[in-house]
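Notes follow once the structure below has been shown.
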Amino acid sequence: MIFRTILIFLKKRFLTKTQFSEKTVINMRVLPTDLDLLWHVNNGVYFSFMDFGRWDMIFRNGVYDLAMKNGWYSVVAGETIKFKKSLELWDKFQLETQIMGYDDKYFFIQQRFVKNGELMATGLVKVRFLKRKGGTVSTQEVMDLFKDQELQNRAQELSAEWYGIESKYLA
């Protein structure tokens with residue numbers, strides 16, 4: 001994983017820029033170190049892959065530079081994944097990442113694992129921003145810098161669904 005992390009950071013200068021809520025796609029391949037004893041991608045590795053997708057997205061859409069400039073950083077507040085089919089050794093796949101909405105505290109991000117046009121897994125991530133000197137950053141502070149009406153229109157629906165699931169199934 002460390003080599004993939006280094007590669008993502010080295011490539012950031014050369015990435016095509018995107019709009020704030022535009023879907024980003026990275027091409028990946030399953031390596032031997034990604035496998036578990038059943039010879040498919042370990043379920044925990046999917047979450048590491050999702051980290052790479054989010055790094056790629058924030059480098060492309062300008063959020064990384066904005067966060068550094070303002071002394072902010074992002075943290076994952078929750079994530080879940082649904083597996084449909086296994087990824088296996090040497091499989092090539094695309095990881096799609098897109099901000100789907102937000103509420104007053106969190107951004108909701110969907111990440112899809114696609115192999116040869118077929119959906120293999122879908123993850124949902126809840127992310128918030130914090131200030132390096134302490135305190136929180138509201139999503140409105142971020143959104144004031146990125147005008148994105150489509151994203152605003154989906155905020156309430158996604159927020160209500162996420163909190164409904166959390167309150168029903170998580171302590």
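Some observations on this one:
- Extreme residue, nearest to Val142 (Cα to Cα), among residues of segment 3-40 that are aliphatic (A, V, I, L, M) and over 18 Å from the mean Cα position of the chain (by Cα): Leu10
- Every test in (1) in contact (Cβ under 8 Å) with a residue 24 or more places away in the chain; (2) within 30 Å of Asp144 (Cβ to Cβ); (3) within 17 Å of the chain's Cα centre (by Cα) is passed by Ile81 save one, and that test is (2).
- Residue check for Met68: loosely packed, with under 15 Cβ neighbours inside 10 Å, out of contact with any His (no Cβ under 7 Å at 6 or more places or on another chain), of a type in the set (A, V, I, L, M) and assigned to a helix (DSSP H, G or I): yes
- One residue stands out in segment 1-31 among those that are surrounded by 13 or more Cβ atoms within 10 Å (Cβ to Cβ) and among the polar types (S, T, N, Q): the one that is modelled with the highest pLDDT, namely Thr24.
- Looking only at residues of segment 93-151 that are touching a Gly at 6+ places or on another chain (Cβ under 7 Å) and of a type in the set (A, V, I, L, M, F, W, C), we find that the one that is farthest from Ile26 (Cα to Cα) is Leu151.
- Subset tally (residues that are surrounded by fewer than 18 Cβ atoms within 10 Å (Cβ to Cβ), out of contact with any strand residue (DSSP E or B) (no Cβ under 9 Å at 6 or more places or on another chain) and in contact (Cβ under 8 Å) with a residue 40 or more places away in the chain) for segment 39-63: 2
- Selection within segment 64-78 - without any contact (Cβ under 8 Å) to a residue 12 or more places away in the chain and of a type in the set (A, V, I, L, M): Met68
- Note on segment 78-115: among residues that are part of a strand (DSSP E or B) and acidic (Asp, Glu), the one that is surrounded by the most Cβ atoms within 10 Å (Cβ to Cβ) is Glu96.
- Residue in segment 43-74 that is nearest to the chain's Cα centre (by Cα), counting only those that are farther than 15 Å from Val25 by Cβ and of a type in the set (Phe, Trp, Tyr): Phe47
- The selection criterion, being out of contact with any Leu (no Cβ under 8 Å at 6 or more places or on another chain), part of a helix (DSSP H, G or I) and of a type in the set (Asp, Glu), does not hold for Asp56.
The values are calculated or read from the model by the stated rules, or taken from the named source; none is laboratory data. Just so we're clear, the structure is a prediction, and the values are computed from it rather than from any experiment. Note that each Cβ is placed from the backbone with ideal geometry, even for glycine, and that neighbours are counted across all protein chains shown.
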